[in-house]
Amino acid sequence: MGPLVFFVSELAFVLFAAQTPAIAQQAIADPVKSPAPIYPARCLNRAEEIEFVTLRFDVSAAGATENITVIDSTNNCFEKVAVKSIEDWRYHPDTAAGTGAPRKGFEKTITFQKD
């Protein structure tokens, strides 16, 4: 068996900073820390070649992820590790208005692939 490959793709996000220029919005929408999940060994024998977990979460004023929920999954064996991975993500604080502002409605899909 070769290396395990992980992909994270951004599906959608909602920013509540309408006055923020597009470039600044992109900067605060991109995580500054996004560690890849660890492929759970317990899932290896019962997983398809590619599995997906889509999560929805909010980002606090300080840039931490919170309110993480699974909204879709091809295999529930991967859900816990996907949530744990997103818990460790960090974003730039949104300081467009001069103070930190929470952002809601981020969605990410984490892809687990055997290789």
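Any read-out appearing in this document is the output of simple, stated calculations on the displayed coordinates, not a laboratory observation. Everything numeric here is computed off the predicted structure, so don't read it as measured data. Here the Cβ is made from the backbone with ideal geometry for all residues, glycine too, and neighbour counts use every protein chain on show.
Some observations on this one:
- Sites Ala64 and Ala41 - FRET efficiency at Förster radius 30 Å, r taken between beta-carbons, to 0.05: 0.60
- Distant-in-sequence amide contacts of Ser73, defined by a placed amide H-H separation under 5 Å and a gap of 5 or more residues or a different chain, comprise Thr54.
- 10 Å beta-carbon shell around Tyr91, net charge (K/R +1, D/E -1): +1
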